[in-house]
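The values are calculated or read from the model by the stated rules, or taken from the named source; none is laboratory data. Here the structure is a predicted model, which is why all the values come from computation and not from measurement. All Cβ positions, even for glycine, are placed from backbone atoms using ideal geometry, and neighbour counts span all protein chains on display. These accessible areas exclude ligands, DNA and RNA; they are computed on the full protein's heavy atoms, side chains included. Shrake-Rupley method; radii C 1.70, N 1.55, O 1.52, S 1.80 Å.
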Amino acid sequence: MKMKHMARAVWSVIFILGLVSSPSASGGVPVVFLNPGAPGDVFFQPMTDFMQAAAEDLGFELDVYYGNRNHVLIDENVEKLFSRKKLPRYVLGMNARGGGESFLARAEAAGVETVFINQGFLEEDQKNVGRPGEKYTRWLFEYLPNDTQAGYVLAKKLIQVAVQDGLVDGDGMVNVIAVSGHEASPASILREKGLQEAVAEFSNTRLRQVVHADWKQDRAKELSKRLMQRYPDTAVVWSASDAMAEGVLESLNELGKRPGTDVLIGGVDWTVRALELVKEGEFTVSVGGHFMDGGWALVMLYDAMHGVEVPRSSLSRFFSLTRTNIYSYHSAFDASDWRKIDFTKFSKYLNPTLEKYNFGLEAVLDQVEVLHP
């Protein structure tokens with residue numbers, strides 16, 4: 001009987017140790033995400049859902065503060081966070097509305113470790129803030145979207161299709177107008193930079209005007225309608241977000257244009273509605289994939305917690321979805337069931353043979369066993 005009790009005790013200890021070493025049962029490490037969007041937001045809700053799936057696999061307890069795209073509430077959330085009696089160990093934030101440095105200073109003083117995603121600092125601001133781990137030692141790393149690439153890829157695809165479809169004026173020029181986000185937003189500024197780079201590559205392309213719609217669909221509709229009336233020979237409308245591109249679509253319909261035939265539209269974010277419009281042919285392209293960045297940042301945070309050296313600064317890649325490749329993506333993610341993905345497979349700590357992170361779209365599609373071109 002003593003041997004039986006001893007064996008049972010040994011197996012109990014092994015079982016408990018197994019739970020402790022398992023990512024999904026590692027104590028529910030508290031992590032706060034300062035989300036500038038609102039519940040149900042067309043971009044930030046998918047980002048949050050993806051993060052939640054990663055958190056569950058990796059043993060994090062994710063707490064989300066929503067800013068409802070309101071700079072006052074975003075600032076109030078920072079105050080609310082640092083007024084808590086028990087502060088979280090980690091916070092994922094961003095340089096939303098230019099408040100990134102003050103947030104880093106508050107976190108440094110409070111001893112809270114931070115990770116930046118989605119929006120970082122422009123080069124001139126980076127000189128004052130420094131890189132992660134320099135001026136602010138609690139700033140662990142940043143994993144940011146390559147917004148310049150996003151603007152470039154979007155513009156290049158739209159221009160190429162316009163040339164292919166013969167959407168040129170009497171001088172053989174492709175005329176482009178652009179609807180960007182907030183004029184002070186790093187994402188807007190960098191995406192516009194990519195747009196300018198793409199336009200410069202095509203001698204037969206003319207960028208007529210860039211306007212700022214503050215990421216709002218109704219404002220984008222109003223401004224794009226004015227621009228189309230000012231430049232009736234416009235062939236391409238470049239939009240810094242899919243939501244604003246929907247506003248452009250509404251304006252074109254009201255003007256009697258045929259989106260996807262007379263005028264090409266494209267945006268950034270891979271919103272659910274935008275992907276449907278790509279399938280229907282009214283949007284030519286949507287560029288995205290960066291909604292996954294929060295989940296990948298949690299993978300890197302998990303590794304950093306376990307002594308793995310992670311890059312201080314890195315950029316994620318954007319991918320284009322058009323009618324030629326969208327069905328493979330939709331067949332994988334149409335239901336947005338991110339729990340199909342085993343996030344532990346992307347961890348260097350849990351997979352010591354991994355030499356570098358592979359956070360690409362192809363790797364995710366392989367995870368859910370979908371054939372794709």
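Quick one: pull the percent of accessible area on the stretch 157-246 belonging to carbon and sulfur, 1.4 Å probe, ligands and nucleic acids left out.
Working: 1690 of 3780 Å².
Its accessible area is 45 percent carbon and sulfur atoms.
Quick one: pull the percentage of alpha-carbon pairs in the stretch 93-207 with a separation above 19 Å. Provide the component values of the computation, followed by the final result.
Details: 3515 of 6555 pairs.
Cα-Cα pairs of the stretch 93-207 separated by over 19 Å account for 54 percent.
If the limit is 24 Å between Cα atoms, which of 127/348; 127/157; 156/193; 80/193 go over it?
Numbers: 127/348 31 Å; 127/157 34 Å; 156/193 13 Å; 80/193 35 Å.
Over 24 Å Cα-Cα: 127/348; 127/157; 80/193.
To one decimal place, what Kirkwood hydrodynamic radius in Å is obtained for the stretch 191-294 from all pairs of distinct Cα atoms? Mind dumping the intermediate values first?
On the way: mean 1/r = 0.0720 Å⁻¹.
So the Kirkwood estimate lands at 13.9 Å.
Classify the stretch 28-109 as rounded, prolate or oblate, taking a ≥ b ≥ c as the square roots of the eigenvalues of its Cα gyration tensor: rounded when a/c is under 1.5, otherwise prolate if a/b is larger than b/c and oblate if not.
Working: a/c = 1.97, a/b = 1.12, b/c = 1.75.
The shape class here is oblate.
Within 14 Å, Cβ to Cβ, of residue 118, how many net charges do the neighbouring residues add up to if Lys/Arg are +1 and Asp/Glu are -1?
Numbers: positive: 69, 97, 191; negative: 41, 142, 147, 269, 293.
Taking every other residue near residue 118 into account, the sum is -2.
Only four residue types carry charge here, +1 at the Cβ of Lys and Arg and -1 at the Cβ of Asp and Glu. Report the dipole size of the stretch 284-365 about the Cα centre in Debye, rounded to the nearest 20.
Numbers: 8 positive and 8 negative charges, 19 e Å.
My answer is approximately 100 debye.
P(r) tail for the stretch 261-316, what percent of Cα pairs lie past 15 Å? Don't skip to the end; give the middle numbers.
Values: 906 of 1540 pairs.
I get 59 percent for the Cα pairs in the stretch 261-316 exceeding 15 Å.
Using only the alpha-carbon atoms, what does the stretch 100-145 span along each of its principal axes? Please give whole angstrom values in decreasing order.
So the three principal-axis extents are 26, 19, 15 Å.
Just how large is the dipole of the chain about the Cα centre, in debye to the nearest 20, putting +1 at every Lys and Arg Cβ and -1 at every Asp and Glu Cβ?
On the way: 39 positive and 48 negative charges, 206 e Å.
That gives the chain a dipole magnitude of about 1000 debye.
Going by a ≥ b ≥ c, the root eigenvalues of the Cα gyration tensor, does the stretch 176-240 fall in the rounded group (a/c under 1.5), the prolate group (a/b larger than b/c) or the oblate group? Before the final figure, lay out the partial values.
On the way: a/c = 2.83, a/b = 1.09, b/c = 2.60.
Note, shape of the stretch 176-240 comes out oblate.
Which translational diffusion coefficient, to the nearest whole µm²/s, is obtained for the stretch 281-345 from the Stokes-Einstein equation, given a Kirkwood hydrodynamic radius over C-alpha pairs, 20 °C and 1.002 mPa s?
Working: Rh = 14.1 Å.
Once the numbers are plugged in, D ends up at 152 µm²/s.
Going Cα to Cα from residue 135, which aspartates and glutamates come in below 12 Å? Please leave out same-chain ones fewer than 8 positions away.
Within the straight-line limit of under 12 Å, residue 135 reaches these aspartates and glutamates: 101, 108.
Where does the charge balance sit around residue 198 when Lys and Arg score +1, Asp and Glu -1, over other residues with C-beta under 14 Å from its C-beta?
Details: positive: 156, 157, 191, 193, 206; negative: 147, 192, 197, 201.
Summing Lys/Arg as +1 and Asp/Glu as -1 gives +1.
Could you provide, to the nearest whole Å², the per residue accessible area of the stretch 224-330 with probe 1.4 Å? Kindly include the intermediate steps, with their values, before the conclusion.
Values: 3560 Å² over 107 residues.
Here the per-residue accessible area is 33 Å².
Dipole of the chain (Lys/Arg Cβ +1, Asp/Glu Cβ -1, origin at the Cα centre): which of 266, 166, 325 lies farthest to the positive side?
Going by the charge dipole, the pick is 325.
Using +1 at the Cβ of each Lys and Arg and -1 at the Cβ of each Asp and Glu in the chain, identify which of 83, 121, 52 lies farthest towards the dipole's positive end.
83
Along the charge dipole of the chain, pointing to its positive end and built from +1/-1 on Cβ of Lys, Arg, Asp and Glu, which listed residue (364, 93, 200) has its Cα farthest out?
93
Near residue 156, within a Cβ-to-Cβ distance under 14 Å, what is the net charge of the other residues, with Lys and Arg +1 and Asp and Glu -1?
Details: positive: 157, 191, 193; negative: 197, 201.
It works out to a net charge of +1.
Using alpha-carbon positions, what is the distance between the centroids of the stretch 276-327 and the stretch 89-156, in Å?
One Cα centre to the other: 18 Å.
So if the hydrodynamic radius of the stretch 49-161 is defined as the Kirkwood radius over C-alpha pairs, what does Stokes-Einstein give as its diffusion coefficient at 4 °C and 1.567 mPa s, in µm² per second?
On the way: Rh = 15.7 Å.
It comes out at roughly 82 µm²/s.
Which of the lysines could a cross-linker bridge to residue 345, judged by Cα under 24 Å and excluding same-chain residues fewer than eight apart?
356
Per the Kirkwood formula on distinct C-alpha pairs, the Rh of the chain is how many angstrom? The partial results should precede the final answer.
On the way: mean 1/r = 0.0453 Å⁻¹.
Kirkwood radius, the chain: 22.1 Å.
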